Each structure stands twice: as C-alpha cells, then as structure tokens.
Amino acid sequence: MNNNDQFFSKTVIGHPAALFVLFFTEMWERFSYYGMRAILVIFLTGAILGDNPGWGWSSSAALSLLGTYAMFAYLAPLAGGWLGDKKIGYRNSVVIGALLMTLGHASMAVETPTFLYIGISLLVIGTGFFKPNITSIISKMYEGRDDKKDGAFNIFYMGVNAGAFLGIMLCGWVGEKVGWSFGFGLAGIFMLLGMIQFYFAQPLFGKIGDPPLKSDEKLIIKKATKEKLNPFLPIDILLIITFVISALIFIINDPLSKIGGIDILNFTYFGMENSLFFALIAFIAFGAPAISNHSDRWQTEWDTENLSSLLPASALMFVAFTGYGRIATLGEEVAEPRRTIPRAIITTLVITTLLYIGVAWIALANAGHDFDSLSVIRVPPS
C-alpha cells in the first residue's frame, strides 16, 4: 500500500482536499506578486504632482529596480529550496515565506524609499522560501500516483494564472484610482489571507513537509555522495564562482548607477557595453572545456569558394553596425584624431574579430550537429 493513499480516501474531483489548499495559497501569492508588479513602475515613474502622485523616477531607473528584484526573486529559491529540503521542512518554509512577503507588501505601502527597499528585500527572501517548497509538497503528496500528478499540476497552475489575472486587475485599479499605498496594501492583504488558510490547513498534509529527521538527512547525503554522475572539476568551480560574483556585481550596479548615481562598472570595452562584453567572455569561458572534449567538432577546413563573400559581408556589417558618422563625431572629441582614430579602428576590429572567433569556436565545439551547411567553414562529418 502506498503511504500517500490516505490522501485519496476522500477526494474532490479526484484529487485530495490538500491540493486545493495549495491551489488557493499559490493563487493569493501570485495575486500579490503580479498585483505589486503591475503598479510598481507606474508608481515610481508617476508625476510628483497631482491627485495620486508618484515619485517621478525615470523609466530606466524604475525598470532597472524591477528587473533586479525579479532576478533576485528567481535566484532566492535556490537557497530557500535547500533550507526547506534539508533543514526546516517544506511547510515551515511556505509559512515563513508567506509571512515575509506579507510584511514586504506592508512595507511598500508606507511609500518611503527606505521602506520600499526593505519591502522589496523581504519579498525576495519570502519568495525564496515560498516558491520551491509549495511545489515540493505536491510532488511528495503524489508520489506513486503518476497518473494523477499531471492533473494536479494543471489545477495548481490554474491558480497561478487566476491569481495573476486578478492581481493585475484589482491592484492596478485600486492603486491608480484610490492610491498607490492601497494597491500595495491590497497585495499584502491577499498574501496574508493565503498564509492564514495554509497555516490552519496543515493537518491535511499529514507528515508531508515536516522538517527532515537526522536519519533521513544522512541517507540523502550518503545517496548524493554515492552517485556523482557529472562531478565538477576545480576549473568548473572556479569559473562558476568568478562569473556568479561578476554577474551579481553587474546586476547590483545597474540600479545603483541609475537610481543612486553610484556606478562601479562605468566602462566600455572596444565599443561594447559591459553586459555584452561580460556575456561573450562568460560564453567562451564556460564553453572552453568542450574544445578538448569534442575536438572532432571544430577541426575545420576553409571553403575557399565562398571565402570571397566573407570580406564584403564583413565590410557591410561594419558600416551598418557602426556607421562612418561615428568617425566624424569622434574627430571632435579625441586628441590627435588623424593618428588616434585609425589606430582605434584597427585595434577594435582585431580584438572584436578574435572575440567572435572565440564565440564561434565554442559554439561549434558545444553543438552536436554536422556543420556542412555553413558557408565559410565546413566541418567534415565525424
């Protein structure tokens, strides 16, 4: 007998009642999330004068804050999932996350910069606890019931969509017509409602989501250490740490530079902005191990028949992308333009060409296709 058969002794449309507790909990969480997002940028960029004044931020500053918040909201579940799985249990994580998000919405309703940032921070941490663990409860509840699991997640995600729709409509209308504080507050009220209903319905879940026992934790660790199908090499770990730190610095720098005027990465490489340069370098660095692992994929031979078309295409790309109008502008801004500009063009072309050769090289090494269709480089079939 399956340990989860107890949940299916009494069902609603073929599913345990506990599923619908999760349905409404998730629905109200999505209501609060999308409701807050619907009015945040409008509030920040709204005119500072009027019946319902905003803060008068620029669009780039407001969108930068929203983007940074969304990015951290998707990163935080990595830590929250680990804590729920290894330490405090799924149900405790959901309650803690819902409480933190309720406090976050309440903080944003105060409408001061300090409470805005406190509120966003609480929302990020709360999302980290909430999001990965509520779905884990469903997975545990339907273990051994694969025939029902697809339907369960369909029902669950109907709650996601319903909450998003209602949140955008109601919080948006209340925020714009009544007041921004009321819009943020409404998001918090429904998050509180979701937390309360989940907290008092926990007996329906039995032992699912309880904090793991020491014996269970040791078993999980033993199993994980026994089966390492694809272990990380030291160079992999070094690259991951380096680029995670670099990415976080860059991401944090974006709102700092646009909102607070603090720019810790104020530079451009060879005509490329920070984000593009780092993205290309990261692509090359992470893909480099495949060169030695799949050397057969990049042993190329030049197709001289089509090589003549490469040079005109390159020249056209240079003109189309950069434009000779830039040279006239630079001539007024640099010292000794007759010498500096030609050197800059040649240096930029050389470095950019090498960089994109590296990108193409890594792409070929990592792709599992036959590249006979390429016009300039042909890879012999393996």
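The values are calculated or read from the model by the stated rules, or taken from the named source; none is laboratory data. From a predicted model like this one, the values you see are computed outputs, not experimental measurements. Backbone-built Cβ (ideal geometry, glycine too); neighbour counts: all protein chains shown.
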Exercise for the section: Check region 166-189 and report whether any residue there is assigned to a helix (DSSP H, G or I), assigned by TED's automatic domain parsing to the domain that holds Ser32, under 25 Å from the mean Cα position of the chain (by Cα) and under 30 Å from Lys10 (Cβ atoms). Expected result: yes
Completion exercise
Residues in region 10-56 that are more than 22 Å from Ala201 (Cα to Cα), surrounded by fewer than 21 Cβ atoms within 10 Å (Cβ to Cβ) and small (Gly, Ala, Ser) total 5
Exercise for the section: For Phe20, indicate whether it is touching a strand residue (DSSP E or B) at 6+ places or on another chain (Cβ under 7 Å), at pLDDT 90 or above and assigned to a helix (DSSP H, G or I). Expected result: yes
Exercise for the section: Give the residues of region 43-60 that are modelled with pLDDT under 90 and assigned to a helix (DSSP H, G or I), sorted by residue number. Expected result: Ser59, Ser60
